[in-house]
Amino acid sequence: MQANALSTKKLNVYYGEKHAVQDVSLDFAEKQVTALIGPSGCGKSTFLRSLNRMNDLIPSCRVTGDIWMKEHNINGSETDVVALRKHIGMVFQRPNPFHKSIYENIAFGPRYHGVKKKADLDNLVEESLRKAAIWDETKDRLHKSAFALSGGQQQRLCIARSVALKPDIILMDEPTSALDPISTSRVEDLISELKQDYSIVIVTHNMHQAARISDKTAFFLSGHVVEYDETDKLFMDPSQKQTSDYISGRFG
């Protein structure tokens, strides 16, 4: 039986009076890609941001329920959120490199968490850029601005920045929605490679993308999980009519 990297139990998210995520219980297997799909406003991105406490940054937001990583309920008040985000990284919808060099984008997080020796940082920068399949494109301009990179390169740089902290889990919120088809394909290939070392949870509006790269898929609708299954099963033989209707384009 495969171990879980992360589990939620009766997770609820409120924005003021709005009940955005309702009683969601999901298990995320280690070293698999899990896709979250559903129409706009269904709660999937809100749920994703709960998994590393990003919703804490929204004043009106309140989260109840449990999020288990190993034996620790990370939704507890005693959780060190900065340390948590070292273990659960995040890649956002639009590339968001720091206003720094390519090298400093990667070195910034490890340096903050205590890596001080230049040789160690040099090795970590190279290793992370290689894992994100962007080393060959950046090795001769490490000290140039990250903003000199194309959009697709910037997104792979942001993935490298997350990898540099050696997380257990990487969350991705529509990481290819702002990219062209060629860059999208490169990021998808990268995700398939990264799951050898990391557990990945990805929100995507692109059902073809979910079918291509994920092992399991959860279909969200109106804050609920309607269905959660192996990706092939969910797309080819869904058990719920709402899932079938969404996949076939009858709504959403």
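Just so you know, all these numbers are worked out from the coordinates, no wet-lab data involved. In this text the structure is predicted, and so the values were computed from the model without any measurement. No Cβ is skipped: glycine too gets one built from the backbone with ideal geometry, and neighbour counts run over all protein chains shown.
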### Query
Under 18 Å from the 7 Å Cα→Cβ point of His113, by amide nitrogen: which residues of the stretch 1-41?
5-6, 31
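Out of every Cα-Cα pair in the stretch 112-176, what percent are more than 14 Å apart? It would help to have the intermediate numbers written out before the result.
Values: 1231 of 2080 pairs.
Percentage above 14 Å: 59.
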### Cα→Cβ-extended label distance, 7 Å offset, between Asn123 and Phe92, nm
3.2 nm
### Message
If you split all Cα-Cα distances of the stretch 4-89 into 5 Å bins from zero, what percentages do you get per bin, shortest first?
### Response
3, 14, 26, 28, 20, 8, 2, 0
### Message
Give me the net charge for the shell around Arg85: Cβ to Cβ below 11 angstrom, other residues only, Lys and Arg +1, Asp and Glu -1.
### Response
0
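Could you please report the charge total around Leu190, scoring K, R as +1 and D, E as -1 over all other residues with beta-carbon less than 14 angstrom from its beta-carbon?
Every neighbour counted, the sum reads +1.
Please report, in whole Å³, the volume per residue of the convex hull around the C-alpha atoms of the stretch 172-240. Provide the component values of the computation, followed by the final result.
Values: hull volume 6.3 nm³, N = 69.
In the stretch 172-240, the Cα hull volume divided by residue count equals 91 Å³.
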### Query
After finding the eigenvalues of the alpha carbon gyration tensor for the chain, what semi-axes result from the square roots of 5 times each, listed largest first in whole Å?
31, 22, 16
### Query
Which angle between 0 and 90 degrees, to the nearest 10, do you get for helix 151-163 versus the longest principal axis of the chain when only C-alpha atoms count?
90 degrees
### Query
What ranking do Thr64, Thr46 get, fewest neighbouring Cβ atoms within 10 angstrom at the top?
Thr64, Thr46
### Message
Just to be sure I understand the model, the point goes 7 Å from the Cα along the line to the Cβ. What's the resulting Lys100 to Phe251 distance in nm?
### Response
4.6 nm
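Rank the residues Phe47, Phe28, Phe219 as a footprinting-exposure proxy: fewest other Cβ atoms within 10 Å of their Cβ go first. Let's see the in-between values first.
Values: Phe47 26, Phe28 20, Phe219 29.
In order of increasing Cβ crowding within 10 Å: Phe28, Phe47, Phe219.
For a footprinting-style exposure proxy, rank Asp215, Asp140 by other Cβ within 10 Å, fewest first. Mind showing how you got there, number by number?
On the way: Asp215 16, Asp140 8.
Fewest to most other Cβ atoms nearby, the residues stand as Asp140, Asp215.
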### Query
Non-local amide H neighbours of Ala218 (under 5 Å, H modeled in plane, Pro and chain starts lacking H): which ones?
Ala35, Leu36, Ile37
